[in-house]
Structures are given as structure tokens and as C-alpha cells.
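**Q** Quick one: structure below, then a few questions.
The values are calculated or read from the model by the stated rules, or taken from the named source; none is laboratory data. Only a predicted model underlies this, so the values are computations on that prediction, with no experimental measurement involved. Glycine also receives a Cβ, built like all others from the backbone with ideal geometry; neighbour counts cover every protein chain displayed. Calculation scope for accessible area: heavy atoms of the full protein, side chains included, ligands and nucleic acids excluded. Shrake-Rupley method; radii C 1.70, N 1.55, O 1.52, S 1.80 Å.
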Amino acid sequence: MLETLSKVFSNNPLIVSFAVIGITMYVAYVLSDKLTKGRIHGSAIAIILGLLLAYIGGVLTGGEKGLSDISIFAGIGLMGGGMLRDFAIVATSFGASFDEIKKAGKSGVAALFIGVILSFVVGVAIAYAFGYRDPISLTTIGAGTATYIVGPVTGAAIGASSEVITISIAAGLVKSILTMIGTPFIAKYIGLNNPRSAMVYGGLMGTTSGVAAGLAATDPKLVPYGAVTATFYTGLGVLLAPSVLYLMTKAIFG
């Protein structure tokens, strides 16, 4: 019986991966509701569970791809790979309208540039403090601090090593989780209670998943507004990091 199930799972890896992700999301949202009363969004808990499963998979197999190194979960490697990641970026971007971002006025546009550049500078400073000196590594980690999507895209464009790209993704994930968890707690102190402030906040923070989850835990009505500018933030980061910001970093540290 177990052998038959294992064979079925191994022959349908992508279907199994959707089932695993679905179950993980369900458990995460139950834990969010029952243990934290929604203060920690289900998405944040889901990411933590995903990292835990990846660690367990790596320990059990001694491999390098986490849970996907186990044959019956091989589809998770495809589901979490570059193809579906890029599809998600494009799909999210198609949902954003430039007419909407104009509603935030000059403050919304300024927030985009300030958010990308400030996050990048902080990431470069941290990378430098940990001993990285070459412009490619500094740029990639700085881009990852902007978002975990901009990091690998930038790293692939300028030729960063897989180790550095992994670090950039980790930096972006930390930022995303902190944004998810912290948004509900700081919302009342920064006036995050209207569409315009949500758009500015999304432009400053930039991590679409973190902003969306954090705003959902604060006020679900604000999610579309924050997500719009956060999406533009990702696009701006992908444009600036491998080009302008890389050249600036190279000029300073090269």
C-alpha cells in the first residue's frame, strides 16, 4: 500500500506539491487564528513552516534542495523554481494600474525610489560588515534586502554565485516576515489607516507578500492599495539594481 502511494506521488510531483502547499497554508492560517488571533498573519507562519520543512528535508537527505530532495516531494522544487516565480511576478504586475499609483501623488512616487534605494544601501552595508567586498556580491545582497525577488534576478543578471544569491533571498525573506509581523503593531503610530498612507507604505517597504499580509492583518480594505505600489517597487528594483545601483556600487567598491 505504502509502496503504491509512494509510486503515485513520485509520478505526480507537481500535484503533490500543490497539495503540500495547500495543507501548509491551511495549518498556518489555523495557527494564526487560534494562537495569535490574527495578529501574526497566516502567510508569515506559512513561510516559517516552509523553512522548517526545508530544513527537515535537508537533514534527512543531506541534500541541497530541502524538501524537494525527497523523491515524493520533488515537485516542490519546480513549484518554487524560477519559472513559476517569474510567472507570479508578471501576473502581479498585470494587476497593477499606473492610474492607481498616481492617486498617491508625488509622495507615492518618492516612496518607491526612497524605499528601493534605502533598502539597497542597508543591505550593502550589512554585506560589507560581514566581509563581502566585491561589487557583484554587494549588489546582489543589497538587492535581496529590497525584496527576495529582486535579489536572485539581479544576481543572475550580473553573474553572482549561487551562495550569494541564496543569501540575498534569505535577506529578503527576513524583511518580508518582519513586515508581516510588524505592520499591525506599528500601524496606529504611523497613521496607516487610509488608502493613501497604505500606498506610501507599500512603496517604502516594497515586499509585496509582506505588505499584503501585514495590511491584511491591519485592515483588509487597505491591501489592494499597498500591493499596487509594492508591485511597482519590485519592478523598479529589478530595473535599478542590476544597472544603475550595480554601476554605483562598482564605482565605490570596485
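**Q** Looking at segment 204-222, which of its residues are at pLDDT below 90 and closer than 24 Å to Ala143 by Cα?
**A** Result: Gly206, Thr207, Thr208, Ser209, Gly210, Val211, Ala212, Ala213, Gly214, Leu215.
**Q** Can I ask one more? Checking His41 against (1) crowded, with 17+ Cβ neighbours inside 10 Å; (2) over 17 Å from Leu178 (Cβ atoms); (3) at pLDDT below 75, only one condition comes out false. Which one?
**A** Here His41 clears every test but (2).
Yes/no per residue for (1) part of a helix (DSSP H, G or I); (2) open to solvent by 60 Å² or more (accessible area, probe 1.4 Å):
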{"residue": "Thr139", "(1), (2)": "yes, no"}
{"residue": "Gly144", "(1), (2)": "yes, no"}
{"residue": "Ser168", "(1), (2)": "yes, no"}
{"residue": "Ile181", "(1), (2)": "yes, no"}
{"residue": "Pro184", "(1), (2)": "yes, no"}
{"residue": "Lys188", "(1), (2)": "yes, yes"}
{"residue": "Leu192", "(1), (2)": "no, no"}
{"residue": "Tyr201", "(1), (2)": "yes, no"}
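**Q** Considering every residue within segment 115-122, establish whether at least one is over 25 Å from Leu51 (Cα atoms), more than 19 Å from the chain's Cα centre (by Cα) and either among the β-branched types (Val, Ile, Thr) or not in a helix (DSSP H, G or I) (or both).
**A** Checked against the condition, which is being over 25 Å from Leu51 (Cα atoms), more than 19 Å from the chain's Cα centre (by Cα) and either among the β-branched types (Val, Ile, Thr) or not in a helix (DSSP H, G or I) (or both), segment 115-122 yields no hits at all.
**Q** Still on this structure, please answer the following. Check whether at least one residue in segment 215-222 is within 21 Å of Val121 (Cβ to Cβ) and touching a Leu at 6+ places or on another chain (Cβ under 8 Å), and report yes or no.
**A** no
**Q** Looking at segment 154-166 only, could you name the residues that are part of a helix (DSSP H, G or I) and crowded, with 24+ Cβ neighbours inside 10 Å?
**A** The answer is Thr154, Gly155.
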